[in-house]
Amino acid sequence: MNYNKKNVTQVDVKGKKVLLRCDFNVPQDKKTGAITDDKRIRAALPTIQYLLENGAAVIACSHLGKPEPNFEKWVKKQTEKGKDPAELTEAKWKKALDALRMEPVAERLSQLLGKPVILADDVIGPDAQAKAAALQPGQIMLLQNTRFEKGETKNDPATAKAMADMAELYVSDAFGTVHRAHASTVGVSEYLPAVSGFLIGKELSIMGKALSDPARPFVAILGGAKVSDKIGVIENLLGKADKIIIGGGMAYTFIKAQGHDVGDSLLEEDKVEFAKKMIDDAKAKGVELLLPEDTVVAKEFAADAESKTVPSDAIPAGWQGLDIGEKTREKFAAAIAGAGTVVWNGPMGVFEFDKFAEGTRAVARAVAASGAVSIIGGGDSAAAVEQLGFADKITHISTGGGASLEFLEGKALPGVVCLQDA
Ligand code: ADP
Ligand code: MG
């Protein structure tokens with residue numbers, strides 16, 4: 001994938017109507033609908049402000065949550081979730097859709113911008129079209145939730161064309177959705193010149209450089225719950241990194257692959273062969289693969305579980321590994337010191353429990369102190385680094401969970417591929 005994409009500063013936006021795909025998929029309070037974290041809205045401000053200040057009329061759009069725009073399908077899904085079909089009325093479905101309207105987003109965006117945000121009542125319907133037609137340079141409007149349109153997630157050409165017809169230029173700044181080919185993330189690029197906003201630009205330049213031309217040594221830190229979630233990442237980074245550190249729940253499958261018992265620790269039996277192959281491949285390629293030497297084991301999966309530290313090749317039956325041990329923390333920290341580039345995906349232990357957060361904390365501290373270009377990909381890893389107070393010492397915390405994972409897997413992201421090359 002070519003990471004070098006044309007950005008919003010490299011095209012003429014003056015007097016143009018710009019369709020801007022944002023990631024306004026913010027968490028909301030279930031009862032009141034109030035936005036509980038507006039980080040994603042704030043992250044979109046630089047591109048919006050640039051466009052408005054440079055004389056564009058901005059037609060912003062985003063999805064919010066997972067509305068089901070088809071009544072029959074909604075009934076089917078709810079029934080599968082165990083709801084009583086007799087109670088699944090059309091009124092209830094409409095209520096569920098209404099809970100995902102863009103009003104709270106428009107309101108917060110307006111507060112943050114300090115100017116009105118015109119909200120459309122639909123996505124490509126008459127209200128959106130009329131408001132888009134009347135929109136003046138320096139003004140911003142927001143379409144309704146793009147997933148209210150049945151054609152959005154199907155990347156239906158007619159839906160994409162109707163969106164595109166309202167504008168003269170497409171700017172994509174929703175990194176969190178670039179791994180999905182939807183009408184508003186990919187389809188519209190068939191009908192409009194398509195360039196990146198600042199957020200996608202930053203993701204591409206930092207992560208793209210790490211994967212294509214990293215400052216060395218390049219250290220990859222991989223952890224998290226499951227090997228199976230990270231197979232693509234491990235394979236891709238094994239071909240690029242100088243050192244690979246493996247911790248977290250996935251480490252036990254590797255420890256098993258070395259012939260040791262892991263007690264009640266997380267283990268994916270069907271991935272033991274894969275882990276063996278990775279250990280062999282690393283050797284063949286001269287990549288240093290670091291595994292935990294000691295492990296904090298617990299009697300049960302609980303915040304206050306009885307725990308002790310044991311060698312990783314001697315995890316007793318009836319105990320489960322929930323964190324890396326002290327020796328391992330030191331070994332990993334030493335491997336991270338002096339790195340040129342660090343890519344980190346997946347916590348080293350169950351950091352949600354204070355007692356088992358020390359391994360993740362030690363690695364976060366080492367990354368922060370390393371002076372390396374440091375990149376965190378993965379939703380839980382980002383949360384861990386923030387919770388432990390190291391976020392401001394990290395070069396780049398990727399904003400896209402699934403998207404950054406696919407990026408690290410070396411996959412072509414359809415929402416990036418469709419943008420014009422620089
Ligand atoms: P990310 O979202 O950063 O990609 P993952 O979703 O793969 O990370 O993994 C995060 C989860 O892994 C966390 O909820 C954490 O508690 C869990 N985890 C880490 N180490 C262990 C372990 N030893 N046993 C069980 N769960 C673990
Ligand atoms: Mg996760």
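Summarise the accessible area of the stretch 207-408 (1.4 Å probe, protein heavy atoms) by the percent that is carbon and sulfur. Don't jump to the answer; show the numbers that get you there.
On the way: 3770 of 7810 Å².
With neighbouring chains kept in place, the figure for the stretch 207-408 is 48 percent.
The residue list 51, 67, 114 was ranked by how far each Cα lies along the charge dipole of the stretch 49-116 toward its positive end, using unit charges on Cβ atoms, and 67 comes out on top. Under a Cβ-Cβ cut-off of 12 Å, what is the net charge of the residues other than residue 292 that fall near it, where Lys and Arg count +1 and Asp and Glu count -1? Counting the neighbours of residue 292, the net charge comes to -3.
Structure note, pairs 6/411; 6/150; 39/154; 5/202; 240/411; 283/308: Cα-Cα distances above 22 angstrom occur for 6/150; 39/154; 283/308. Each residue of the stretch 50-58 was assigned a 3J(HN,Hα) from its phi angle through the Karplus curve 6.51 cos²θ - 1.76 cosθ + 1.60 (θ = phi - 60°); the sequence is 4, 5, 5, 5, 9, x, 8, 9, 9 Hz, with glycine and proline shown as x.
Ranked by the mean number of other Cβ atoms within 10 Å of their residues, highest first, the peptides 133-145, 234-246 fall in the order 234-246, 133-145.
Please compute the length gained on full extension between residue 231 and residue 96, using 0.36 nm multiplied by the number of residues separating them and subtracting their Cα-Cα distance.
Values: separation 135, 0.36 × 135 = 48.60 nm, distance 3.61 nm.
This chain segment gains 45.0 nm when fully extended.
Projecting the Cα atoms of 312, 265, 195 onto the charge dipole of the chain, computed from C-beta unit charges around the Cα centre, puts 195 farthest toward the positive end. Annotation: lysines with alpha-carbon distance below 18 angstrom to residue 331 (same-chain offsets under eight excluded): 243. Simple point charges give the picture: +1 on the Cβ of Lys and Arg, -1 on the Cβ of Asp and Glu, and for the chain a dipole about the Cα centre of about 840 debye.
Only one residue of 297, 151, 396 has its Cα farthest out toward the positive end of the dipole of the chain, where Lys and Arg carry +1 and Asp and Glu -1 on Cβ, and that residue is 151. The Cα atoms of the stretch 334-384 give a gyration tensor whose axes a ≥ b ≥ c have a/c of 1.5 or more with a/b no greater than b/c, which makes the shape oblate. Near residue 56, the amide H atoms lying under 5 Å from its own belong to 15, 138; only residues 5 or more places off or on other chains count, and H is placed 1.01 Å from N.
Determine, for each peptide in 263-271, 381-389, 84-92, 290-298, the mean count of other beta carbons within 10 angstrom over its residues, then list the peptides with the highest first. Walk me through the numbers on the way to the answer.
Values: 263-271: 17.1, 381-389: 20.1, 84-92: 10.2, 290-298: 24.2.
So the order, starting with the most tightly packed, is 290-298, 381-389, 263-271, 84-92.
Output the relative contact order of the stretch 207-408, whole-number percent, from Cα pairs under 8 angstrom with separation of 6+ residues. This gives 22 percent for the stretch 207-408. The alpha-carbon atoms of the chain define a convex hull whose volume equals 154 cubic angstrom per residue. For a paramagnetic label modelled on residue 285 (point 7 Å from Cα along Cα→Cβ), amide N atoms under 12 Å away belong, within the stretch 230-250, to 232-245.
Counting Lys and Arg as +1 and Asp and Glu as -1, what is the net charge of the other residues whose Cβ lies under 12 Å from the Cβ of residue 33?
Details: positive: 30, 31, 95, 101, 108; negative: 29, 98, 103, 107.
Net local charge, residue 33 excluded: +1.
Keeping every protein chain present and rolling a 1.4 Å probe, give me the accessible area per residue for the chain in Å². Dividing the accessible area of the chain by its residue count gives 42 Å². By the rule of a C-alpha distance below 18 Å, with chain neighbours fewer than 8 residues away ignored, the aspartates and glutamates paired with residue 81 are 68, 72, 90.
Given charges of +1 on the Cβ of Lys and Arg and -1 on the Cβ of Asp and Glu, with all other atoms neutral, how large is the dipole of the stretch 207-408 about its Cα centre, in debye to the nearest 20? Let's see the in-between values first.
Working: 21 positive and 29 negative charges, 143 e Å.
My answer is approximately 680 debye.
Taking every DSSP bridge with both residues inside the chain, close to 25 percent are antiparallel.
3J(HN,Hα) couplings calculated from phi for the stretch 311-317 with the Karplus curve 6.51 cos²θ - 1.76 cosθ + 1.60 (θ = phi - 60°) are, in sequence order, x, 5, 8, 9, 6, x, 4 Hz; Gly and Pro show x.
Whole-Hz Karplus values for the stretch 16-23 come out as 9, 8, 10, 7, 10, 8, 10, 10 Hz, taken residue by residue from phi with 6.51 cos²θ - 1.76 cosθ + 1.60 and θ = phi - 60°; glycine and proline positions read x.
Projected area of the stretch 207-408, taken from the Cα convex hull and averaged over every viewing direction, in nm²? The partial results should precede the final answer.
Numbers: hull surface 38.8 nm².
Its Cα hull, projected and averaged over all orientations, spans 9.7 nm².
Summing Lys and Arg as +1 and Asp and Glu as -1 over all other residues whose Cβ lies under 9 Å from the Cβ of residue 312 gives a net charge of -3. The listed peptides 183-195, 119-131, ordered by packing as a protection proxy, come out as 183-195, 119-131 (highest mean of other Cβ atoms within 10 Å first).
The values are calculated or read from the model by the stated rules, or taken from the named source; none is laboratory data. Not measured: the values here are computed from a predicted model. Positions of Cβ are generated from backbone atoms using ideal geometry, with glycine treated the same way; all protein chains shown enter the neighbour counts. Ligands, DNA and RNA are stripped out before the accessible areas are found, and what is left, the full protein with its side chains, is counted by its heavy atoms. Shrake-Rupley method; radii C 1.70, N 1.55, O 1.52, S 1.80 Å.
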